[in-house]
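All of the numbers you see were taken from the coordinates with simple rules; none came from a lab. Predicted, not measured: the structure shown is a model, and the values here were computed from it. Methodologically, a virtual Cβ is constructed for each residue, glycine included, from the backbone with ideal geometry; neighbour enumeration extends over all protein chains shown.
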Amino acid sequence: FGRQKGHTELYRGAEYVVESGGAEVSCALRGKMRLACEPGGALPVVGDRVRFRSEPGGGARGVRGLVSEVLPRRSILARVDPSHRSGCRVMGANMDRCVLVFAAREPAFNARLLDRMLVAAECGSMEPVICLNKIDIADERAALERALRPYRAMGYRVIFSSAVTGEGTLELADLLAKAASIFAGPSGTGKTSLISRVQPGLELAIGEVSARTGKGKHTTTHFELHRMAAGGYLGDTPGFREFGIWGVSKGALASFFRDFAPYRGECRFASCSHSHEPECAVKEAVASGAVSRERYESYLLIYESVPDA
């Protein structure tokens, strides 16, 4: 898929752009597919591979094809659908990596949200990359370096960037070349500005941060996939203000915390939740400073929000 126009929940009115044989085809969903889909179902998203049939002469609104099937996905980035809490919203599929874009300021860096998104990316089989944008207006860069030090120690790639000065953009461009990647993060963190800097020539709408709330305003209103000049694809997604974990149970959550890995199997109880049990190796690691207390507190908050199974 190249682009998904409209809001993901407006199934009947959504339009899609499918790349086929080097050409772009404007498509709609086949009638039976629209009627069968439930919230969180296999509706097409950015990066999907689909089956479609051409409509000779084109149909209403210039639609020239009908999508009939979404092919199996090798990776996804998904979150709880805020409109349908029992379902999920898939933000992208079949991507090699997910670049999690946060701001050094305006809006303030949110480590709790970062931890949730890291779980979602790893659960969905995407390689997470942490990008801290707007570093040119950071109040205390040294403090941000310290905050992200545990993530570097866990093996996550961390990039400090600025769409204004260009810092980090060459590193990002090199990372994105010849791969399929998706940018995701809260509203107002500068995802679209970064994409425009990494891939000049794209005419993308750029928003700002609300002076009243300190949070980003939604500017990107649909999901879009761009072909990179150096090869590969880059997906841009709308920002958000909340991110609910989907598809992870309490029993599986710890496996997506890399810093817990050295202590796996070392707890007194094989089914240890790392929350209240005695002789828990993870809690001992937190007490000794081997595991960040902030990360452990994030784990506990997520643990309370996900289902038992």
**OP:** At 0.36 nm per residue, minus the direct Cα-Cα distance, what do residue 143 and residue 290 gain on full extension? Give it in nm, one decimal, please.
**Re:** 51.0 nm
Original post:
Under a plain spin-label model, where a point goes 7 Å from the Cα along Cα-to-Cβ, how far apart in nm are residue 308 and residue 164?
Top reply: 5.1 nm
Original post:
In what sequence, highest mean first, do 178-189, 224-235 appear when ranked by Cβ atoms within 10 angstrom?
Top reply: 178-189, 224-235
Original post:
Near residue 105, within a Cβ-to-Cβ distance under 10 Å, what is the net charge of the other residues, with Lys and Arg +1 and Asp and Glu -1?
Top reply: -3
**OP:** Just check region 97-176 against the gyration tensor rule for me: Cα atoms, a ≥ b ≥ c as the square roots of the eigenvalues, rounded for a/c under 1.5, and otherwise prolate or oblate depending on whether a/b exceeds b/c.
**Re:** oblate
Original post:
What shape does region 58-206 have by the C-alpha gyration tensor, where a ≥ b ≥ c are the square roots of the eigenvalues, rounded means a/c under 1.5, and otherwise prolate means a/b greater than b/c and oblate the rest?
Top reply: prolate
